[in-house]
1. Relative to the Cα centre, what is the charge dipole magnitude of the range 50-230, using +1 at the beta carbon of each Lys and Arg, -1 at the beta carbon of each Asp and Glu, and rounding to the nearest 20 debye?
2. In the range 60-149, which trypsin sites (Lys or Arg not before Pro) fall in coil by DSSP and have 11 or fewer other Cβ atoms within 10 Å?
3. Quick one: P(r) of the chain from all Cα-Cα pairs, 10 Å bins, percents rounded to integers, in order of increasing distance.
4. Please give the length that would be gained between THR126 and ARG89 if that part of the chain were fully extended, namely 0.36 nm times their separation in residues minus their C-alpha to C-alpha distance (nm, one decimal).
5. State the answer as a single residue: which of SER14, TRP30, GLY44 lies farthest towards the positive end of the charge dipole of the range 1-127, with beta carbon charges of +1 for Lys and Arg and -1 for Asp and Glu, about the Cα centre.
6. Would you please name the chymotrypsin sites (Phe, Trp or Tyr not before Pro) within the range 164-200 that are DSSP coil residues with at most 14 other C-beta atoms within 10 Å of their C-beta?
7. Let me know the charge dipole size of the range 78-127 about its Cα centre in debye, to the nearest 20, where only the beta-carbon of Lys, Arg (+1) and Asp, Glu (-1) is charged.
8. Can you give the extra length, in nm with one decimal, that the chain gains between LEU41 and HIS155 once fully stretched, where that is 0.36 nm per residue apart less the Cα-Cα distance?
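Nothing in this text is a laboratory measurement; each read-out follows from the coordinates by a stated rule. Note that the structure is a prediction, hence the values are computed from the model and not measured. All Cβ positions, glycine included, derive from the backbone under ideal geometry; neighbour counts span all protein chains shown.
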Amino acid sequence: MGSSEPPLTHRIRSFVMRAGRMTPAQERGWQDGFPRFGLTLQAGQLDWDQAFGFAGQRVVEIGFGMGDSLLQMAQADPAAQFIGIEVHRPGVGRLLSQLLVAETRNLRVYAEDAVEVMEQCLAPNTVDAIHIFFPDPWHKKRHHKRRLIQPRLVHNLATLLRADGYLHLATDWVPYAEHMFEVLDGEPLLVSAAGEPATAVPRPDYRPPTKFEARGERLGHVVQDLIYRRRR
Ligand SMILES: C[S@@+](CC[C@H](N)C(=O)[O-])C[C@H]1O[C@@H](n2cnc3c(N)ncnc32)[C@H](O)[C@@H]1O
């Protein structure tokens, strides 16, 4: 962690830990799945190729929720390495329980704050894609400081990307999309994949609709996908 960063204990978090009971299947996921598919902060810097046992494109998803769309993406691209990061323990348990059944070789999971994973486990210039789909919008103005997408976090994410690697965000909340464009346009390491001026892009085929997105669509919300590339 750089010396200008506040200590982790003083940091404003982008999530509130919800107490939620786990189903027996989610409990089993934790018990049997975490030792096989789980990654920990304590293990320090991640050696991707060693963790997976093969080399491949590297994709990180932050805030995968219940994990259904992440699992679909990993299964659709078995030659790539996928890392999911999520703090919601029932969601992690669900994904782990599905991994036990699916025997997917190319997906590993951190049950941690992504900010800490980024700082302690991921090295600069090593990631091909970072996905953040439907981060909590934190609607109220006094909560905007909790939004995950902030200039410093985006800068740190951009440094993790290899040249031409990309950051893909999606949201169903128009004011959050406006904020995202402002933050991404302000990051010198990134350039919009849609050209100038930056606009939303149609949902790429590789991104399955997510659970949270379906909820937004039921409410009549407009979904926007934003893709920015790391400059060479
Ligand atoms: C609104 S949900 C969207 C979930 C999923 N991507 C979807 O579209 O269905 C946002 C998720 O991000 C997770 N989250 C928020 N901040 C996080 C952080 N700093 N690290 C890891 N996960 C985080 C929350 O726990 C929550 O599950």
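1. 440
2. Answer by residue number: LYS140.
3. Taking all Cα pairs of the chain, the binned fractions are 7, 33, 39, 19, 2 percent.
4. 10.6 nm is the gain from fully extending THR126 to ARG89.
5. Going by the charge dipole, the pick is TRP30.
6. On the way: sites: TYR166, TRP173, TYR176, PHE181; in loops: TRP173.
Filter output for the range 164-200: empty list.
7. On the way: 4 positive and 6 negative charges, 53 e Å.
For the range 78-127, the charge dipole is close to 260 debye.
8. Contour length minus Cα-Cα distance gives 38.9 nm.
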